[in-house]
1. Suppose the chain between residue 175 and residue 234 were pulled fully straight at 0.36 nm per residue; how much longer would it get relative to their current alpha carbon spacing?
2. Would you mind ranking 42, 206 by Cβ crowding within 10 Å, fewest neighbours first?
3. With a bin width of 5 angstrom, please list the P(r) values of the stretch 175-222 as percents of all Cα-Cα pairs, from the 0 bin to the one holding the largest distance.
4. Using 0.36 nm per residue of separation minus the Cα-Cα distance, give me the extension gain between residue 147 and residue 258 in nm, one decimal.
5. Arrange the peptides 160-169, 49-58 so that the one whose residues have, on average, the most other Cβ atoms within 10 Å appears first.
6. At what distance in nm do the modelled label points of residue 223 and residue 64 sit from each other, each positioned 7 Å from its Cα along Cα→Cβ?
7. Hey, fewest Cβ within 10 Å first, where do 213, 230 land in order?
8. Students often check this: by mean Cβ neighbours within 10 Å, which of 96-103, 243-250 ranks highest, and how do the rest follow?
């Protein structure tokens, strides 16, 4: 199954679980010694291009440098929207929380699991989320085991810091269980100061995107093979630049200017 198929299956499973189970009895299999909490969300920060969407700059020659920066920001937003494995991981996490499923304990590890109901593809299989304490955080595994097999298929692997201000998720396709389809990592200093890296593997053709936000200032780098494009924009001054193999090109108040 590919990423999009898995995501549609996950949505179907979620709806069926709600219909067939109703309210879960949260008193069953309570793990008193589990000191690990599930992440409230898998992607604490994401890149989005709201700033550019709020501008109304015409496609005219005097604005070409700004429009190039807008274009690379749009590509970065599109890459974020393709993070299907993270989406299905978030859906499984929602299952666990909505159904009130409690973890079992194995040593220091906590294990949340549920069986996919019959009637949908993968019915009878199971989803497992395992949390293992690590230095200042938790190492995570999210696995799918299809019915009638002993094969464990990874969905997510990762680490979250105790305060969730940093971490990494490695996301997998069933077709390539040993090589992450995409990696997402983050560092958060405050609501308006943070950084994100999203990278695809060598086989899916996706670039590596590095984004850093420091208040009104934004830096974005896109790396694909030997080709690197850098962009900077300031949301307060409406100025910035783009840099590639042809050099750096700047703009001030959206209009092309000397660098």
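1. Details: separation 59, 0.36 × 59 = 21.24 nm, distance 4.14 nm.
In short, 17.1 nm is gained.
2. On the way: 42 23, 206 17.
If I rank by nearby Cβ atoms, fewest first, I get 206, 42.
3. Going out from 0 Å in 5 Å bins, the stretch 175-222 shows 5, 20, 24, 18, 13, 10, 7, 3, 0 percent.
4. Values: separation 111, 0.36 × 111 = 39.96 nm, distance 6.32 nm.
So the extension gain works out to 33.6 nm.
5. Ranked by mean Cβ neighbours within 10 Å, highest first: 160-169, 49-58.
6. Each label point lies 7 Å from its Cα, and together they span 2.9 nm.
7. Listing 213, 230 from fewest to most nearby Cβ atoms yields 230, 213.
8. Details: 96-103: 16.8, 243-250: 13.0.
By packing density, highest mean first, the sequence is 96-103, 243-250.
Any read-out appearing in this document is the output of simple, stated calculations on the displayed coordinates, not a laboratory observation. Just so it is clear, the model here is predicted, and its values are computed rather than measured. Backbone-built Cβ (ideal geometry, glycine too); neighbour counts: all protein chains shown.
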